[in-house]
Structures are given as structure tokens and as C-alpha cells.
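One structure is given here, and the rest of the page talks about it.
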Amino acid sequence: MTSWLDPFAGLVLSRRGVLLGAAASAALLPWAAVAQDTTAKPQPDTAEADRIAAEFAGGTAPVASGIGLDLPVLGDNPAAVPLRAKVTEPLSEAVWCEEMIVIAELNPQPLACRFSFTPDIGSAEIGIRLRLIQTMPVRVMARMSDGRILMARQDITVTAGGCGM
Amino acid sequence: MTTTPPRIWMSNETPQQGEIVRVRTQVAHVMESGFRLDAAGQIMPRQMMTRFEARLDDALLLTWLPEIGIAQNPYLEFTFKAQASGLLRLLWVDDSGTEIRAERQVTLA
Amino acid sequence: MRAQPARHRILVVGGGFGGATAARYLLKRDPSLEVTLVEPSQSYVTCPFSNLYLGGLRDWDSLAHGFDDLRALGVRVVHDRVEAIDAEKRQAALSDGTRINWDRLILSPGIDIRWGTLEGYDEAAAELTPHAWKAGPQTQLLQRQLAEMPDGGTFVMVIPEGAYRCPPGPYERAAMVAHYFKTHKPASKILLLDGKDQFSKQGLFQQGWKALYGEMIEWVGLSGDGQVVRVDARAKEVETAFGTVHRADVLNVIPPQQAGLIAAQAGVTDASGWAPVKGGSFASALVEGVHVLGDATIASPMPKSGFAANTQAKVAVAVILAELAGAPIPEASYANTCYSLIGPGYGISVAGVYRAEGDAIVEVPDSGGVSPLDAPASFREAEARYGEGWYASICRDIWGSA
């Protein structure tokens, strides 16, 4: 993946290295002169994501339901990918969501963020914007106050828009 | 973090008892991951917003701990059930210890 | 006497940059083919350069291209709409009831709007606040609204997050409307509400806007509360995610999009609403015997552009002909240049060269590039001329008329 569209490198039209002679010899600016560099590397596989998920689940087997996950199938702006997640069962003072994590499985650091909720909030619904380094699965996990672990997972294909986007 | 005040939107500042209120927030922050290199090839130091808290008066509702996978100028949307009138108090903290606060009054209809 | 071998039948759906190129190049290379092109419009109006029409720099007729030259070449051009595709039977049904059988199908249906995805923006809304993202009556509607707007009014453009055709298009439109305002209604303002924080050739556009139009164009990005969540077409108002309401005198909503609907009906689109294709041929990744071209495809990192559709068509044709002849499949090579006009004599561009790596498309390293930020006026003038030259050449290449 070229660094110009890598959200961990940023997209900046930089004047670095731009010194052109007469119009006759001027040419299009090569990509290398406008990209910023990064040392961020994607995870080679989901091992680290699985480790984070296992630590969160603490030995309880996750159930692949109970979370409504809204994530585009195609992310053409990897610097800001909208994600919504919501625990869909009714919540009460007896059973509420304690904690929720979002794992962008192949990102350099897969744990994208962590939420803690209190019983006072009365809901467990969030919307955030991720930056994703490449195509990958995204996993959301929630721990309920009765110990259950809920899980949702979806693939997202990350594309460049083309024409410098 | 910049001195630009955070953006806040609430779906209803005078909700009914038990109504789910939706809140959208955004704070200006570079969210520098510590992975990027500048023009001279040096690592740009990590500078991250690391913690967000939402309280109604003193009661904590939600804590958010973003990492580098969160986009620049962190956006957060959440909901809460309106159970009492009070001041919705929002706090952002970055890893330099800088704090930004904002408030919105919630009045049960 | 030997029986004649049956002529291979190729059906092309869509007479735009992808489809018309494919039809022409199929017959140019192999005049023995039976090529049918189905296109609803009597002439095709190009989205490229339609912004120049809005700016008063191009007349309407120059954007419309007829199909007589393709007919003269031997393409059977049918002005109708394909209602259904049966990929198993290799048969298409037109709205007049005709059925067409094919050996190979090329779909180049462009885009369709996702009505209602942006709250308040449905088909009825588009008649009040046009998108003009499919060139034709929508473009003329927008032009009339701009002409009727009093001096001092505000033109508001809503730019979506998510994939849309022609990444630099909205920003060229802003520049062209600014040119029209500067000339005729100089107290007017332009507000761009963008669902993204960055855009194609951003530095160049912002530099050019300022140089030519001063402070007339205001761009609000996602982080600046630019994301619009609701449209009221009747009141010409839009509301952002953070509750800011903007009222427009002329409102142009560029809405969320998907592949032309016939693509979904044919089974070539996936859950994203776009058509995945194999990078070496633009054959559908989902349905045998079908190629998909242009804006309808997932062809990243190639952009959704007319130039790209034209180059993809040529590769698809070369592959289809090789397959029909049992000849070795040639290696795919693609190019794209997006020219944008910021004002008369002020053009910018971005270019890329691509090839296939397995079924993926990749950019060729150290190829292509973008106009420099530091450039003399002569450079910008040259690029404006190159853009004009490109348009004339490609239209001749496709429809046989500049």
C-alpha cells in the first residue's frame, strides 16, 4: 500500500522537494515528494487481535450476537471510517453493559478503543470514526454485568478513491 | 489540544423521563500516533487524546479510552437514558495532562 | 460449401465512456463480431466538462455526443433500457419486450443514486435541489437555478462521505460556479459542506480558488462540522451532524451512490453496492461471461472517471478477443488523468498508471503524479489547454465526434 493513502502517514500536499525550472521542463510532481512517511505496519495476521479479545473475554466464550454493528462494507476514506455499535438487548439496573472494546484486527495496534459504562447511563450505544491501515475484519466485544461476553465482527474493504484520494 | 471549543450536539435538551438522548461530540486533536516521520525522517512525537468522561452532575456515565486507531479530531456519539435533570459534564484529557471541559444542561420535561 | 461459423455476439449495456469505447474497439479489432449497444439516450451528455457549462465556458451542444459514427462502423445501437439480465441463459430483456442473446456481456451502466440514504434526499427532492451528478436535464436544471439566483445569494454544495464518481468533480464545480459568479454576480458566495477532511488535489484547488476568487469559496470539512445529515429540499436547507442549519439560495446535493441498478439486477454487485472485477480483464468477479466497466466497478486505486472507463474498456476488449480466438491473454495496463479547470487558462491535473497484480489493481511505482504547487501561469495555462485537448481527443476516440 502506497504511503500517500495510508492514514497512519497522512495525506499532505507538501512543498518539500518542489523546485521546478522553466515551465518547459516542468512535469507532474512525483508521488514520493508529496507523501509523508510512517513506520506503522499492519499486523501480519489476527493473532494480536485474538489475544486482545481473549484477554477481554477472560475465559468466557463470546456469543456472536447481541451487538448491532454498523460499519461500511467498503471504506473509501480510511482516515475516518464511521462505526456504530449498540448492545441490542434491553438494559436495566440488574443487567447492563460494563465494558465494550473495538478491535481493528490488522491495524498496527489493533485495540482501537475501550468504553466503560455505568448502570446510570441506561444504554450502550456508541459511534466513532476509525482510521484503518488496510482491508481487515473489525470486531466489537461487550461484557455484560452478568458475565456474558457479546461479540460482532465484520470485514471492511479499504480502498483508495483514486485521483489523489 | 487546541483552544477551539469542542462541538456538542444533543438530540433533545428537554427530554421526557426515560427518553434516550443522543449526544454527538467532537474535539480538535491531532491524535499523533508516534509512528509518523517528519520531512527530516525523524519520528513525530506521540501526542494523543487518551481519555473522555461523560457525567451527569457527579454520576459517571461513560469513559472512553481512544488509541491510535481513532481518527484525528476524535468524534464520539453516545446515548444515555434521561432519568433526572442535571448538568451533562464532558471531559477530554490528553497525554500531556491538558484537560478540556464542556457542559450542557439537561432538563426533564 | 462450408457453413459460416456463427458470429460472436457481444452485448454492451451503456453508451458512455466505458460502453461506447468497448463497442467501437470490438468492431475495430474484429469486424466480424455482432456488437449491440443499448443506451437509453439518443445522445450521451458527458459529465466531464459539464462543470464548464455551469461556469459559462462551454455550450450545451458541445457536451452531447451522438451514435451515428458508431452505427457507421457497424454497431447496432438500440435506444432503449435493459430491464433484466439472465446470466445463465445469456439473455437480456429490453423494456420494449425485445430479447437479446449474447456470447459476452459488457455492463457499463454508470451510477445510480441511493435515494433516501441521505435523509430527505429522494427523487422528488432532486427535482427541487438537483444533484447534476448524471449529466443531462439535472445539469440544465442546476444551470437555470444559478442563472435565476440574485446577486449576493449563496450556492451550497453537499459532498458525501463514501464513494462517488469523479473525486475532484465537486471542487471543479465550485471553481466553475465561482467563475460564473465573479463574472455576473460577484457578491455571491459558495459554501461546500464536505463529509471528508481531505479531497483530491486539495492544496492545488485551495491555492487556485484563492488566487482567482479570493474568499468567495468556503470549504467546511468533516472535522469542521461539514457532514450533512438531513436535507429539506423545499426550504433549501441542510442540517449538519452537530445541528447547524444552512440555508441556500441554490442547493446542490451530491448524494450517496451505487452502481447503475442493472448491475445489481445482473448479479455483479456485492454488499457494497458496487461491482467487484478481476484486475487483469475487468471480468466480473461474481458472474461468468460478464465484464463490468467504469464507475460501477470497484477498481481502486483507479478513480471513477471517464478516462478510467475508456482505458478499462480497451483492456476488456483485448481480453475478450483473445479469449474468443484462443490466443494468449495480453497483459493489462491502465492509465488515468483527471484534469480539473479552476478558471479560464488555469488547469490542474493528477495522473496515475496502473497494472494488475493477480486479481487486484495496483499503481505502478514512480508513475503518474500531480501538478506542482509552485508553477508559473504558463504551466496552468498549458494544463487548461491539455484538458481541452484531452476532451476533444477522447470524445473522438469514443463517439467519433469532438
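The values are calculated or read from the model by the stated rules, or taken from the named source; none is laboratory data. As the structure is a computational prediction, the values presented were derived from the model and not from experiment. Methodologically, a virtual Cβ is constructed for each residue, glycine included, from the backbone with ideal geometry; neighbour enumeration extends over all protein chains shown. All accessible areas refer to the heavy atoms of the entire protein, side chains included, with ligands and DNA or RNA removed. Shrake-Rupley method; radii C 1.70, N 1.55, O 1.52, S 1.80 Å.
Note on region A:72-98: residues that are more than 10 Å from the chain's Cα centre (by Cα) and buried (at least 17 other Cβ atoms within 10 Å of the Cβ) total 11.
Within region A:61-78, none of the residues are more than 30 Å from B:Glu19 (Cβ to Cβ), modelled with pLDDT of 95 or more and part of a strand (DSSP E or B).
For region C:306-329, residues that are within 14 Å of chain A (Cβ to nearest Cβ) and in contact with an Asp or Glu (Cβ under 8 Å, 6 or more places away or on another chain) total 1.
Quick check on my filter: what residues within region C:272-309 are of a type in the set (Val, Ile, Thr) and open to solvent by less than 10 Å² (accessible area, probe 1.4 Å)? C:Val290, C:Val292, C:Thr297 - these are the residues of region C:272-309 that are of a type in the set (Val, Ile, Thr) and open to solvent by less than 10 Å² (accessible area, probe 1.4 Å).
The residues listed here are A:Val81, A:Val87; of these, the one that is touching a residue at least 40 places away in the same chain (Cβ under 8 Å) and at the interface with chain B (Cβ under 8 Å from one of its Cβ atoms) is A:Val81.
When the residues of region C:357-395 are filtered to those that are among the hydrophobic types (A, V, I, L, M, F, W, C), open to solvent by 30 Å² or more (accessible area, probe 1.4 Å) and in contact (Cβ under 8 Å) with a residue 60 or more places away in the chain, the one that is farthest from C:Glu331 (Cα to Cα) is C:Trp390.
The residue that is nearest to the other protein chains (Cβ to nearest Cβ), counting only those in region C:146-195 that are open to solvent by 10 Å² or more (accessible area, probe 1.4 Å), more than 17 Å from C:Ile348 (Cα to Cα) and within 20 Å of the chain's Cα centre (by Cα), is C:Ala163.
Residue-by-condition table, conditions (1) modelled with pLDDT under 95; (2) more than 21 Å from the chain's Cα centre (by Cα):
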site: C:Ala309; (1), (2): no, no
site: C:Lys314; (1), (2): no, no
site: C:Val319; (1), (2): no, yes
site: C:Tyr339; (1), (2): no, no
site: C:Glu357; (1), (2): no, yes
site: C:Glu363; (1), (2): yes, no
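Here is a yes/no grid of residues against (1) more than 10 Å from chain A (Cβ to nearest Cβ); (2) more than 30 Å from A:Asp37 (Cα to Cα); (3) charged (D, E, K, R):
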residue: B:Pro5; (1), (2), (3): yes, yes, no
residue: B:Met10; (1), (2), (3): yes, yes, no
residue: B:Pro15; (1), (2), (3): yes, yes, no
residue: B:Ile20; (1), (2), (3): no, yes, no
residue: B:Gln26; (1), (2), (3): no, no, no
residue: B:Met31; (1), (2), (3): no, no, no
residue: B:Arg36; (1), (2), (3): no, no, yes
residue: B:Gly41; (1), (2), (3): no, no, no
residue: B:Met44; (1), (2), (3): no, no, no
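If the condition is being touching a helix residue (DSSP H, G or I) at 6+ places or on another chain (Cβ under 9 Å) and either crowded, with 24+ Cβ neighbours inside 10 Å or of a type in the set (Lys, Arg) (or both), then region C:239-253 contributes C:Leu251, C:Asn252, C:Val253. Number of residues in region C:288-301 that are within 12 Å of chain A (Cβ to nearest Cβ) and outside any loop (DSSP other than H, G, I, E, B) equals 3.
Being in the same structural domain as C:Ser50 (by TED's automatic domain parsing), among the hydrophobic types (A, V, I, L, M, F, W, C) and under 29 Å from C:Pro109 (Cβ atoms) is the requirement here; does C:Ala233 meet it? No: the conditions fail for C:Ala233. In region C:72-105, of all residues being among the charged types (D, E, K, R) and part of a strand (DSSP E or B), the one that is most open to solvent (accessible area, probe 1.4 Å) corresponds to C:Arg99.
All conditions but one from (1) outside any strand (DSSP E or B); (2) hydrophobic (A, V, I, L, M, F, W, C); (3) open to solvent by less than 10 Å² (accessible area, probe 1.4 Å); (4) within 14 Å of chain B (Cβ to nearest Cβ) apply to A:Leu106; the one that does not is (3).
Can you name every residue in region C:320-334 that is surrounded by 19 or more Cβ atoms within 10 Å (Cβ to Cβ) and touching a His at 6+ places or on another chain (Cβ under 8 Å)?
The one that is surrounded by 19 or more Cβ atoms within 10 Å (Cβ to Cβ) and touching a His at 6+ places or on another chain (Cβ under 8 Å): C:Ile320.
The strands (runs of 3 or more DSSP E) located wholly in region C:302-393 that include 2 or more residues which are within 30 Å of C:Lys182 (Cα to Cα) occupy C:333-343, C:346-357. Whether any residue in region B:82-100 is modelled with pLDDT of 95 or more, within 13 Å of A:Ile121 (Cβ to Cβ), at the interface with chain A (Cβ under 10 Å from one of its Cβ atoms) and open to solvent by 50 Å² or more (accessible area, probe 1.4 Å) is what I want to check. Among the residues of region B:82-100, at least one is modelled with pLDDT of 95 or more, within 13 Å of A:Ile121 (Cβ to Cβ), at the interface with chain A (Cβ under 10 Å from one of its Cβ atoms) and open to solvent by 50 Å² or more (accessible area, probe 1.4 Å), which makes the answer yes. The residues of region A:46-68 that are within 26 Å of A:Leu91 (Cα to Cα) and open to solvent by less than 40 Å² (accessible area, probe 1.4 Å), listed by number, are A:Ile52, A:Ala53, A:Phe56, A:Ala57, A:Gly66, A:Ile67, A:Gly68. Restricting attention to region B:52-66, the residues that are without any contact (Cβ under 8 Å) to a residue 12 or more places away in the chain and either more than 9 Å from every other protein chain (Cβ to nearest Cβ) or crowded, with 18+ Cβ neighbours inside 10 Å (or both) add up to 1.
Within region C:224-234, the set of residues being crowded, with 19+ Cβ neighbours inside 10 Å and touching a strand residue (DSSP E or B) at 6+ places or on another chain (Cβ under 7 Å) comprises C:Gly226, C:Gln227, C:Val228, C:Val231. Exactly one residue out of C:Ala275, C:Ala299, C:Ala309 is assigned by TED's automatic domain parsing to the domain that holds C:Ser50 and out of contact with any Ser or Thr (no Cβ under 8 Å at 6 or more places or on another chain), and it is C:Ala299.
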